[in-house]
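See structure below.
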Amino acid sequence: MESVILPCKSIFPIISELPQNYHPKPKIPINYVEPRFTDTQLNYLCTNGRLSEAIHAIESISQYGYKVKPETFSKLIESCINERALHFGRKLHKKMRFLLEKVDPFIETKLLGMYSKCGSLQEAYQVFDEMHERDLFAWSAMIGACSRDSRWGEVMDLLYMMMGDGVVPDSFLFPKILQACANCADFKTGMLIHSIVIRCGMSSEIRVSNSLLSVYAKCGLLSCAKRLFESMEMRDTVSWNSIIMAYCHKGDIVEARRLLNLMRLEGVEPGLITWNILIASYNQLGRCDEALEVMKEMEGNGIIPDVFTWTCLISGLAQHNRNGQAIEFFQQMIANAVRPSEVTLTSTVSACAALKDLRKGRELHSLVVKLGYDGEVIVGNAMVDLYSKCGKLEAARLVFDMIPEKDVYSWNSMIGGYCQAGYCGKAYDLFMRMHEFEVSPNVITWNVLISGHMQNGDEDQALDLFWRMEKDGSIERDAASWNSLIAGHLQNGQKDKALVIFRKMQSFGFKPNAVTILSILPACADLISAKKVKEIHCCVLRCNLENDLSVANSLIDTYSKSGSIKYSKAISDGMSTKDIISWNTLIAGYVLHSCSSEAIKLFHQMKEAGLKPNRGTFSSVISSYGLAKMVEEGKRMFSSMSEEYRIVPGLEHCVAMVDLYGRSGKLEEAIDFIDNMTMEHDISLWGALLTASRVHGNLNLAIHAGEQLLKLDPGNVVIYQLLLQLYVLRGTSEESVTVMRPRKRNHHEESLISWSWTEINNVVHAFASGQQSNSEVPDSWIKRKEAKAEGSSSCNRLCVTEEENEDITRVHSEKLALSFALINSPQSSRVIRIVKNLRMCEDCHRTAKLVSQKYEREIYIHDSKCLHHFKDGYCSCGNYW
């Protein structure tokens with residue numbers, strides 16, 4: 001046996017004490033491993049999955065000062081990586097200096113990779129920072145570690161440190177760095193790398209070129225992406241996918257589709273990812289039908305849709321309020337044996353929540369449990385929202401309590417559920433408990449509470465929460481916080497308070513968003529708010545919201561209802577894209593202003609633009625033909641709904657048809673049409689017939705319509721009073737009337753009070769019929785105008801009014817408002833706008849005509865029946881109201 005040097009310090013006895021025949025033998029340490037077998041044995045243990053034994057042997061080896069080969073140490077680290085044995089890796093790290101003759105960068109790099117792959121990036125950084133020499137492999141390992149953890153910002157920092165050390169990435173590292181550039185939207189660094197790639201002669205490396213292409217695509221640099229793509233000598237499926245994705249991100253789906261066809265012509269078959277990119281893009285643009293067509297084409301080419309394909313379609317349909325179809329496609333997905341992901345389930349559950357379909361929601365809940373997704377927080381949050389919207393708060397709370405790791409959105413869903421159900425106290429209690437679970441409320445939490453209290457009429461508590469957000473919760477308010485207050489005030493009928501909050505929002509430096517504008521604009525859709533509409537329009541321009549389609553459509557609608565149809569037309573003409581709502585809104589605006597020819601012309605323009613009319617379009621167009629007394633054209637339009645466009649006529653279309661017949665005096669056809677209707681009659685239908693009968697002097701038909709109205713709304717005092725007047729015209733005394741007198745719902749209903757409002761110098765003034773005169777509204781002026789306006793009404797018209805007739809002491813409210821506006825409005829103002837709560841009488845109608853002609857004013861009066869536009873002695877209603 002070879003002599004062995006013992007690593008321990010032996011204590012020998014004194015020479016004189018030793019026996020003469022004593023020959024000392026070397027002591028062999030326990031667990032001794034001979035050096036020549038050390039590496040072989042360790043490699044054997046690692047290869048056979050006996051890592052713990054290998055680590056135990058290493059501890060013994062290091063104890064006695066033996067060394068192992070670098071290859072063996074590397075094999076041990078590799079085994080730690082494979083078994084995710086971080087604790088063994090740490091032991092190796094501690095013994096490294098004792099086990100190796102020299103620690104080279106290769107071993108340090110291997111150790112760095114072990115820490116990162118075992119989930120300890122901090123220790124990986126420590127190894128990296130302690131390295132004396134960092135070569136390309138070390139930098140690659142560290143950058144790869146950060147990439148795996150999606151720490152894209154740190155990847156960018158490491159790139160610049162690496163370049164500072166004079167190390168240039170290679171063709172394997174550049175794609176990882178470019179991935180970080182794309183995810184950080186750092187196109188400048190991407191361009192810098194592009195220049196390095198060209199200088200280093202790596203332009204022909206397809207992986208590098210594809211990564212550069214992805215950077216330009218994700219950063220929206222379409223021209224750069226296009227130039228690079230066209231300059232590439234070789235293109236694979238990834239190259240085509242990147243350029244198609246670039247055009248999809250820009251919304252140019254037509255060019256993306258052309259590229260897909262070109263890809264196939266060049267011999268590169270689109271793969272599943274290519275088709276999915278196109279399908280996802282169609283859905284994001286709201287073009288769900290075209291996405292479905294692409295999916296069918298994809299299947300026709302032998303590509304089977306995967307879970308991502310189905311999820312894109314289901315999510316797209318759900319996001320665009322096609323929830324029923326979303327659920328149907330989910331069922332098809334299950335029938336095709338495709339296992340849904342948590343995202344698929346979340347989208348489908350959200351679709352059920354939007355439809356309040358509790359039965360399907362419960363079926364989905366069972367599937368969620370069966371597939372093992374009941375512990376997934378996003379699925380749990382969707383289930384809480386579903387049960388809350390369906391009014392099953394106990395079930396919602398049960399799901400909420402079972403979510404193992406609740407995030408802030410879990411709490412928000414449950415708090416929102418309580419608020420929707422009106423249990424704001426429980427919502428607030430849950431809000432206070434968030435701190436117990438160490439979950440901090442976010443801005444959505446506060447906004448949900450504010451909105452809930454506003455919707456339930458607790459304005460004081462809502463305002464208290466609003467002002468406490470920044471003080472107690474250290475949460476900055478956002479536009480949604482202000483929107484919650486604005487929407488709440490509007491819901492509670494407090495328009496002025498909503499406008500105050502809207503102005504205060506801007507004074508605090510918050511820019512209104514599209515939701516703000518869409519909330520506040522409908523509150524200004526009347527004649528006396530015309531100036532406020534312009535104010536909001538200016539705000540839209542300042543906030544660059546004029547290109548938002550919903551905002552533009554709302555402006556068209558609001559301007560028309562505030563009496564400014566020319567502004568509606570101007571906005572429509574300036575829109576780059578229009579949807580069916582844009583066309584319908586402007587057509588309805590022209591109908592409101594009795595501009596039938598413009599409405600019909602616009603309808604034909606819409607069809608030429610390739611848009612199919614929908615239910616709303618037909619309602620307005622039939623009304624247009626009614627205004628123009630084009631009965632045959634209106635009848636053909638009504639028939640084409642079902643015959644050509646497969647649209648079942650609704651009640652609104654039937655009302656338009658009765659109005660069409662009534663305006664042309666075809667009362668028999670109107671009543672025949674009503675009698676042949678299969679759907680249930682309502683107030684608007686008989687109201688249209690009553691107006692036609694009154695205008696054309698058909699007393700019996702007017703009484704019939706009035707009686708039907710009173711049956712449908714027996715508590716309506718206005719209908720009762722009209723019916724009494726009709727009976728008197730027929731010669732029936734009030735005592736012999738058999739209809740039941742409606743009960744008074746409040747003390748004002750015995751004799752309805754007519755109110756009119758007008759705005760002068762930013763102040764709204766209200767006038768009531770019979771209001772006592774004052775110095776601002778002289779009686780003499782009114783009497784003079786009345787005398788000049790006297791004249792007989794149409795001989796056929798039935799003289800019935802919704803309010804009491806005028807006498808010496810009683811003047812109708814619109815005359816008071818008109819006289820006040822003429823006296824007090826500036827001479828430069830040629831337009832007077834008045835809103836009235838009841839129908840104008842014929843005498844007031846004649847007075848307004850006279851004033852518009854005599855004083856060269858345009859007068860808009862919106863009563864309970866229609867919008868009257870008086871100009872040069874004529875009214876837009878054509879004396880039919």
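The values are calculated or read from the model by the stated rules, or taken from the named source; none is laboratory data. Please read all numbers here as calculations on a predicted model, not as lab measurements. When we count neighbours, we look across all protein chains shown, and the Cβ atoms used for this are built from the backbone with ideal geometry, even at glycine. What goes into the accessible areas is simple: the full protein's heavy atoms, side chains included, and nothing from ligands, DNA or RNA. Shrake-Rupley method; radii C 1.70, N 1.55, O 1.52, S 1.80 Å.
Calculate for the chain the 222 nm mean residue ellipticity that helices alone would give, adding -39,500 (n - 2.57) per DSSP H run of length 4 or more and normalising by residue count, nearest 500 deg cm²/dmol.
Values: 44 runs with 548 residues, N = 881.
Only helices count here, giving -19500 deg cm²/dmol.
For Rg and Dmax of the Cα atoms in Å, which listed value, [x] 31.8, 124; [y] 40.3, 157; [z] 38.6, 144, comes from the coordinates shown?
[y]
Using 0.36 nm per residue, how much length does the chain from residue 366 to residue 514 gain when fully extended, once their Cα-Cα distance is taken away?
Values: separation 148, 0.36 × 148 = 53.28 nm, distance 3.85 nm.
49.4 nm is the gain from fully extending residue 366 to residue 514.
Suppose the chain between residue 100 and residue 394 were pulled fully straight at 0.36 nm per residue; how much longer would it get relative to their current alpha carbon spacing?
Working: separation 294, 0.36 × 294 = 105.84 nm, distance 6.46 nm.
Gain in length upon complete extension: 99.4 nm.
Give me the accessible area per residue for segment 124-171, probe 1.4 Å, as a whole number in Å². Before the final figure, lay out each step's value.
On the way: 2350 Å² over 48 residues.
Here the per-residue accessible area is 49 Å².
Return the lysines within reach of residue 360: Cα separation strictly under 20 angstrom, same-chain partners fewer than 8 residues apart disregarded; answer none if there are no such residues.
Straight-line reach from residue 360, under 20 Å: 370, 389, 392.
At a Förster radius of 60 Å, what calculated FRET efficiency corresponds to the Cβ-Cβ distance of residue 879 and residue 476, to the nearest 0.05? Write down the numbers at each step before the final one.
Details: r = 58 Å, r/R0 = 0.97.
Result of the calculation: an efficiency of 0.55.
How far, in degrees from 0 to 90, does helix 35-47 lean away from the longest principal axis of the Cα atoms of the chain, to the nearest 10?
The angle comes out at about 30 degrees.
Run the simple label-point estimate for residue 254 and residue 761 please: 7 Å along Cα→C-beta, distance reported in nm.
Result: 5.5 nm between the two label points.
Sequence gap at least 6, Cα distance under 8 Å: using those rules, report the relative contact order of the chain to the nearest whole percent. Write down the numbers at each step before the final one.
Details: 1169 pairs, mean separation 33.1, N = 881.
4 percent.
Whole number please: convex hull volume per residue, Cα atoms of segment 86-202, in Å³.
Output value, Cα hull per residue: 95 Å³.
Note the angle between two axes, namely the Cα long axis of helix 237-249 and the longest principal axis of the Cα atoms of the chain, as a number of degrees from 0 to 90, rounded to the nearest 10.
That helix lies at roughly 30 degrees to the long axis.
For a quick check of understanding: with a 1.4 angstrom probe and all protein chains in place, what accessible area in square angstrom does residue 47 have, to the nearest ten?
100
Pop out the carbon and sulfur fraction of the accessible area of the chain as a percent, whole number, probe 1.4 Å. Before the final figure, lay out the partial values.
Working: 22900 of 44210 Å².
Answer for the chain is 52 percent, counting heavy atoms of protein chains only.
Once the Cβ-Cβ distance between residue 437 and residue 133 is put in as r, and R0 is 60 Å, what FRET efficiency do you end up with, to the nearest 0.05? Let's see the in-between values first.
Working: r = 49 Å, r/R0 = 0.81.
With a Förster radius of 60 Å, E is 0.80.
Is segment 229-298 best put as rounded, prolate or oblate by its Cα gyration tensor, with a ≥ b ≥ c the root eigenvalues, rounded for a/c under 1.5, and otherwise prolate when a/b is larger than b/c, oblate when not? Please list the in-between numbers first.
Details: a/c = 2.31, a/b = 1.58, b/c = 1.46.
Note, shape of segment 229-298 comes out prolate.
Just name one of 588, 653, 640: the one whose Cα is farthest towards the positive end of the charge dipole of segment 525-656 (beta-carbon charges, Lys/Arg +1, Asp/Glu -1).
588
To the nearest 10 degrees, how steep is helix 342-355 against the longest Cα principal axis of the chain, on a 0 to 90 scale?
Approximately 20 degrees, to the nearest ten.
Near residue 532, which aspartates and glutamates are there with a Cα under 12 Å away, not counting those fewer than 8 places off in the same chain?
Filter leaves 496, 759.
In nanometres, what is the gap between the two model label sites at residue 712 and residue 296, each 7 Å from Cα along Cα-to-Cβ?
Simple spin-label model gives 4.1 nm for this pair.
With every protein chain left in place, what is the accessible area per residue of segment 272-337 in square angstrom, probe 1.4 Å? Please report the intermediate quantities before stating the final value.
On the way: 3030 Å² over 66 residues.
The answer is 46 Å² per residue.
Using the structure shown, select from 511/566; 531/601; 69/95 the pairs with a Cα to Cα distance greater than 19 angstrom. Don't skip to the answer; put the middle values down first.
On the way: 511/566 28 Å; 531/601 29 Å; 69/95 13 Å.
From the list (511/566; 531/601; 69/95), the Cα-Cα distance tops 19 Å for 511/566; 531/601.
Once each part is reduced to its C-alpha centroid, what is the distance from segment 664-730 to segment 456-515 in angstrom?
Computed from Cα coordinates, the inter-centre distance equals 46 Å.
Express in Å², to the nearest 10, the accessible area of residue 842 obtained by rolling a 1.4 Å probe over the protein heavy atoms while all chains stay in place.
About 30 Å², rounded to the nearest 10.
Gain in length, residue 675 to residue 185, computed as 0.36 nm per residue apart minus the alpha-carbon separation, to one decimal in nm? Don't jump to the answer; show the numbers that get you there.
Numbers: separation 490, 0.36 × 490 = 176.40 nm, distance 6.61 nm.
Here the answer is 169.8 nm.
What distance in nm separates the simple spin-label points at residue 306 and residue 78, each placed 7 Å from Cα in the Cβ direction?
3.0
Taking the Cβ-Cβ separation of residue 71 and residue 157 as r and a Förster radius of 41 Å, what is the calculated FRET efficiency to the nearest 0.05? Each step should come with its number before you reach the end.
Numbers: r = 33 Å, r/R0 = 0.82.
Working from the Cβ atoms, E equals 0.75.
For a test of the definition: using alpha carbon positions, the gyration tensor, and the 1.5 limit on a/c, classify segment 188-246 as rounded, prolate or oblate.
Details: a/c = 1.91, a/b = 1.16, b/c = 1.64.
Judged from the Cα gyration tensor, segment 188-246 comes out oblate (a/c at least 1.5, b/c at or above a/b).
Suppose all protein chains stay in the model; what accessible area per residue would a 1.4 Å probe give for segment 433-502, in Å²?
Values: 3320 Å² over 70 residues.
Counting only protein heavy atoms, the per-residue value for segment 433-502 is 47 Å².
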